[in-house]
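Let me begin by presenting the structure, written as structure tokens, before commenting on it.
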Amino acid sequence: MPVAVVTGAGGGLGRAIALDLARRGFFVQVSDLDGDAAARTAVEAGAGASASTLDVRDEAACRAAATAAAARSGSLDLWVNNAGVLVTGPVWEQDEGARRTMLEVNALGTMNGTLAALAEMRRAGRGHVINVISLAGIVAAPGEVAYSASKHAAMAFTLGTLFDLRQAGSTEISVSAVWPDGVWTPMLEGRLDDPGAASSFSGQLLTPEQVAVEVGKLTERPRPLLVLPRWRGPMLRVVDLFPRLALRLLPLVMRDASRRQRRYKKLIETGRWP
């Protein structure tokens, strides 16, 4: 059976991904900074799943996790970098600690996990790394600027690593970036009244299960980029191409984002969503 490692899988999207992969026949190594939460997910995943405490900011710990996973069946087939941290609000109101945490977990953590996985996959000559980036990786979302910066770094690293692999002649190892819109996880559940998080509600709010199913499909047919929902990617690319136009439209866009945030709050509080 193939072996997969999922980071940040103690809850939310990581948990949903781990459970979906288990249903697809993977032995899943569930990792999280909260070891007890990881253990609970592993129990849900069923026979063959294991749990470990993992701080993705620790390069040596990531490499040890990859080695342990590969030892189960002789190779590491899949590594999903899902662990992430979000702090909202105007960037000048965030302290150095908040900025550093987002950069270290979202960007450096993705790098550590990817490189740990590749060390095993390159030896075996095959494998797949999936990095959960977020649409914040292609647009500088107001109220989530430092978070977006960390995701932009993760995005560049993901595609650049794939280019390096192909340049080196490695064709059986895939690296994919997943760009989901806002996902209803603990990262957002306490932010229905947070104006700094309005950008995350500006499009189509997704459930962890919706994203997990698409990640699972990606393991069957790897590709460099997966945008969820598909229409959001091209729309947000316009912001990068025409920043002056984006600045003019910003007040309108953010009013609509706040309206959607209030709408989702009402739907959630009345039990009509998800």
Across region 38-58, the tally of residues that are assigned to a helix (DSSP H, G or I) and more than 18 Å from the chain's Cα centre (by Cα) stands at 6
Over region 216-274, the set of residues of a type in the set (F, W, Y) and not in a loop (DSSP other than H, G, I, E, B) is Y264
Those residues of region 228-261 which are touching a residue at least 24 places away in the same chain (Cβ under 8 Å) and among the charged types (D, E, K, R) amount to R232, R237, D240, D256, R260
Checked pairs for region 41-55, first farther than 18 Å from G113 by Cβ, second at pLDDT below 95 and among the polar types (S, T, N, Q), C-beta under 8 Å and 6 or more apart or across chains, list as none
Only one of (1) surrounded by fewer than 19 Cβ atoms within 10 Å (Cβ to Cβ); (2) farther than 30 Å from A22 by Cα does not apply to R123, and that is (2)
| Does V139 satisfy being part of a loop (DSSP other than H, G, I, E, B), buried (at least 22 other Cβ atoms within 10 Å of the Cβ) and either under 17 Å from the mean Cα position of the chain (by Cα) or not aromatic (F, W, Y) (or both)? | yes
Of the conditions (1) under 29 Å from G10 (Cβ atoms); (2) modelled with pLDDT under 95, the single one that K265 does not satisfy is (2)
Quick check: is even one residue across region 81-101 in contact with a Gly (Cβ under 6 Å, 6 or more places away or on another chain), in contact (Cβ under 8 Å) with a residue 24 or more places away in the chain and part of a strand (DSSP E or B)?
yes
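This table checks each residue for (1) over 22 Å from the mean Cα position of the chain (by Cα); (2) closer than 30 Å to T171 by Cβ.
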position: A197; (1), (2): no, no
position: A212; (1), (2): no, yes
position: L218; (1), (2): no, yes
position: R221; (1), (2): no, yes
position: L236; (1), (2): no, no
position: L241; (1), (2): yes, no
position: R244; (1), (2): yes, no
position: K265; (1), (2): yes, no
position: G271; (1), (2): yes, no
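The values are calculated or read from the model by the stated rules, or taken from the named source; none is laboratory data. All figures in this text were calculated on a predicted structure; none of them were measured in a lab. Methodologically, a virtual Cβ is constructed for each residue, glycine included, from the backbone with ideal geometry; neighbour enumeration extends over all protein chains shown.
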